[in-house]
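Below: one structure, written as structure tokens.
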Amino acid sequence: MDILKYKGYEGTAELDMARGVCRGKVLFIDDVVTYESALPADLQKEFEAAVDDYLETCAALGKEPLRPFRGLFNVRVTPAIHRAATLRAVADGVSLNDVVVRALDTFLNVRADVNHNIRVTLETPDGSSIKTFTSVASGKPQWGTAHVH
């Protein structure tokens, strides 16, 4: 599904085959704001007109328009995760909210590739050394061996 954007609002772009129209609704607010057009090329214009109309209607009624994503939401976790997150907050000297924000930011914006480099040096009975190393990136180990005398 395509998402339309305008003035901080987002809306859907859908095809209604039964009625032969393109339609959509503003997302992430409790008020119902819909729009439609005969052609896909006109749907963005109708979405923008619907948002403008919504804002004008709210102003005329003296009502504060709803805004998507105030930055506040409830999250349900297991007691063990709640405890671990709280302990992490105490250990880091930050709020529980900061721990959750950091965790979400990491999950959403940081690549999950893990790189490990391991080096092992073995001394042989004849006094030479064997150095073995592995580099693991994205779960693909690469081994190498060097003989040092």
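Scan segment 13-35 for residues that are basic (Lys, Arg) and under 27 Å from the mean Cα position of the chain (by Cα) and the total you get is 2.
Is segment 20-41 home to any residue that is assigned to a helix (DSSP H, G or I) and out of contact with any Lys or Arg (no Cβ under 7 Å at 6 or more places or on another chain)? Looking through segment 20-41, at least one residue is assigned to a helix (DSSP H, G or I) and out of contact with any Lys or Arg (no Cβ under 7 Å at 6 or more places or on another chain). Can you name every residue in segment 61-120 that is among the acidic types (Asp, Glu) and in contact with a strand residue (DSSP E or B) (Cβ under 8 Å, 6 or more places away or on another chain)? Within segment 61-120, Asp113 is the sole residue that qualifies.
Ala89 fulfils the conditions (1) modelled with pLDDT under 75; (2) among the small types (Gly, Ala, Ser); (3) not in a strand (DSSP E or B) except for a single criterion, (1).
The values are calculated or read from the model by the stated rules, or taken from the named source; none is laboratory data. Remember, predicted model here, so these are calculated numbers, not experimental data. We place every Cβ from the backbone using ideal geometry, glycine too, and count neighbours over all the protein chains shown.
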